[in-house]
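Visitor: Following this message is one structure expressed as structure tokens.
The values are calculated or read from the model by the stated rules, or taken from the named source; none is laboratory data. What you see is a predicted model; the values in this text were computed from it and never measured. Don't worry about glycine lacking a Cβ; one is built from the backbone with ideal geometry, like all the others, and counts go over all protein chains shown. In case anyone asks, the SASA skips ligands and DNA or RNA and just uses the protein heavy atoms, side chains included. Shrake-Rupley method; radii C 1.70, N 1.55, O 1.52, S 1.80 Å.
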Amino acid sequence: NITNLVSIKLERHNYLLCLSQFLPILRATQLYGYIDGLITCPPPQIPMSIDPTKLVSNPVYKTWILSDQLLLSWKNSILSELVMAQVVGLTTSAIVWSALERLFSSQSRVHIM
């Protein structure tokens, strides 16, 4: 349960604090690549090996979706209701991560200064 490891919900005023708890978990579970763009979504279908003109389901795509949606649910579980309202409808962990960075990174830099 991710909420056992991240003790605070992300609010407008604690982005850096929450980030400092969440990033080590992503790195330790080797999921950081999903949010920084290094692990990109593979195509849902690939050419059949014996007949390249036919497409079959890509097992790597299914694994990617599973990992990405797990990560997305982890992220959502640490968001406050107000922050969650800002990312409702976003479908991948990378898109949500990017939206959160846009929302809070500039505020965090000002706060640090």
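Visitor: Just need the relative contact order of the stretch 14-107 here, percent rounded to a whole number, with Cα pairs under 8 Å and 6+ apart. Please list the in-between numbers first.
Guide: Values: 60 pairs, mean separation 24.6, N = 94.
Averaging sequence separation for qualifying contacts and normalising by length gives 26 percent for the stretch 14-107.
Visitor: Output wanted: per-residue J couplings in Hz (rounded whole) for the stretch 75-87, from phi through Karplus 6.51 cos²θ - 1.76 cosθ + 1.60, θ = phi - 60°, x for Gly and Pro.
Guide: These are the phi-based 3J(HN,Hα) values: 4, 4, 6, 9, 8, 5, 4, 5, 6, 4, 4, 6, 10 Hz.
Visitor: Compute the FRET efficiency between Gln30 and Met84 as 1/(1 + (r/R0)^6), taking r as their Cβ-Cβ distance and R0 = 22 Å, and round to the nearest 0.05. Write down the numbers at each step before the final one.
Guide: Numbers: r = 26 Å, r/R0 = 1.16.
It comes out at approximately 0.30.
Visitor: Continuing with this model, one more query. On average, how much accessible surface per residue is there in the chain, in Å², for a 1.4 Å probe, leaving out ligands, DNA and RNA? Could the numbers behind the result be given before it?
Guide: Working: 7260 Å² over 113 residues.
Accessible area per residue: 64 Å².
Visitor: If you don't mind, there's one more thing I want to ask. Once mean projected area of the Cα convex hull in nm² is worked out from the coordinates, which option in (1) 8.3; (2) 8.7; (3) 7.0 does it equal?
Guide: (1)
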